[in-house]
Structures are given as structure tokens and as C-alpha cells.
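> A single structure is presented below for examination.
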Amino acid sequence: MTVYTHDRPRPDEAAGAVAVLTNDRGEVLMHLRDAIKGIAWPGTWAMPAGGCEPGEAPRDTIVRELDEEAGLVIDDLEELGEIHDTWGQGRRITVYRGRYNGRPEELRLTEGVKLQFFPAQELDTLIMPPCIAEAIARAIGAKSSS
């Protein structure tokens, strides 16, 4: 019998990870996605995220995606649980929260249009996928365990 744990997605299940990064001012780092046909949620505001490679754990996925998309290494990633992207690709997405106090314009952006911090009270003015709004609500509403 094969037992599947949270650490590794089932082989037949699409999984991913997303990082909600905030700074000491409480602003949220958002990622403006390319407006290219064929990608998930083109032209919307999201955050660093990505799909798990076969056999890859969600934590490994978000560490890889942060590095690939923006050259970021975040040491204090805290897992907040899962959401399900029922509106898009149907992925089970593990939500992580971390802290970044740098300047987004200095990051090495390899995907998307730009990275930008937004005050939490302005996030509802952005066009974003419902699963991203849910991830932000979970990250901002959860109390830090540190």
C-alpha cells in the first residue's frame, strides 16, 4: 500500500506552492504576470508561485520558484496550510509566508512584468486570481508562530 503525505503530492494530483512575502511595514510583495496567452492568469497580479515538479515537495517548489523568478532566498518561510485553486488549474496549493525587506526593483526578475510592494489596504484594487486573494487572506490573517 502507498501512503501519501503532505510532503509529497500524489503522482496523479497537480500541486503547487505560493509565497506571501511582506515587509516590516506590512506591505505585500506582488508579481504582475505576463499577459501571454496560454499561461495561468495572464496579466493579473499574483505572487511568486509555481507548480511542483514530479516528486517535488511543496517547500522545495517554493524555494526553487523564489530563486528562479526573482533570485530570492527567504530563510523564514512558514507553512500556513493548503488552498485549492478551483478557479484555475485545479491545483492544491501550499501557502507559505515570509519576510522580505529589500527593494523589488533590484531583484533579478525572470518571469512577469514587475514586482511591487502594496499596502494591505490597497490589495483589493488589484486584479488577481481568487486563489491568490485567498492565500493573502490566510497569510495576513494568521498569527506568526515566531
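The values are calculated or read from the model by the stated rules, or taken from the named source; none is laboratory data. The shown structure was predicted, so the numbers you read here are calculated from the model rather than taken from an experiment. Note that we place each Cβ from the backbone using ideal geometry, even for glycine, and neighbour counts take in every protein chain shown.
> Output the qualifying pairs, or none if there are none: Cβ atoms under 7 angstrom, residues six or more apart or on different chains, first residue in the range 61-76 and farther than 13 Å from Val18 by Cβ, second residue among the β-branched types (Val, Ile, Thr).
Pairs that qualify, where the first residue is farther than 13 Å from Val18 by Cβ and the partner is among the β-branched types (Val, Ile, Thr), are Asp67/Val73; Glu68/Thr110.
> Name the single residue, out of those in the range 52-78 being of a type in the set (Gly, Ala, Ser) and assigned to a loop (DSSP other than H, G, I, E, B), that is surrounded by the fewest Cβ atoms within 10 Å (Cβ to Cβ).
Applying the filter and picking the extreme gives Gly55.
> Restricting attention to the range 89-128, report how many residues are surrounded by 12 or more Cβ atoms within 10 Å (Cβ to Cβ), under 18 Å from Pro58 (Cα atoms) and at pLDDT below 95.
Final tally of qualifying residues: 4.
> Specify the residue that is farthest from the chain's Cα centre (by Cα); the eligible residues are those in the range 26-42 that are closer than 10 Å to Phe117 by Cα and in a loop (DSSP other than H, G, I, E, B).
The extreme case among them is Gly26.
> Turning to a different aspect of this structure: Please determine, by comparing only the residues of the range 84-131 that are hydrophobic (A, V, I, L, M, F, W, C) and either out of contact with any helix residue (DSSP H, G or I) (no Cβ under 9 Å at 6 or more places or on another chain) or in a loop (DSSP other than H, G, I, E, B) (or both), which one is nearest to Trp41 (Cα to Cα). Talk me through it step by step, then tell me what you get.
So in the range 84-131, the residues hydrophobic (A, V, I, L, M, F, W, C) come out as 87, 93, 95, 107, 109, 113, 115, 117-118, 120, 123, 126-128, 131.
Keeping just the survivors that are either out of contact with any helix residue (DSSP H, G or I) (no Cβ under 9 Å at 6 or more places or on another chain) or in a loop (DSSP other than H, G, I, E, B) (or both) gives 87, 107, 109, 113, 126-128, 131.
Values: Trp87: 10, Leu107: 22, Leu109: 18, Val113: 13, Leu126: 13, Ile127: 10, Met128: 8, Cys131: 11 Å.
My answer is Met128.
> Taking the condition small (Gly, Ala, Ser) and crowded, with 22+ Cβ neighbours inside 10 Å, does Ala49 pass?
yes
> Something else: Could we say that Gly81 is closer than 23 Å to Gly26 by Cβ and assigned to a loop (DSSP other than H, G, I, E, B) here?
Values: closer than 23 Å to Gly26 by Cβ: yes; assigned to a loop (DSSP other than H, G, I, E, B): no.
In short, no.
> Name every residue in the range 32-53 that is within 11 Å of Val18 (Cα to Cα) and among the aromatic types (Phe, Trp, Tyr), in order of residue number.
Within the range 32-53, none qualify.
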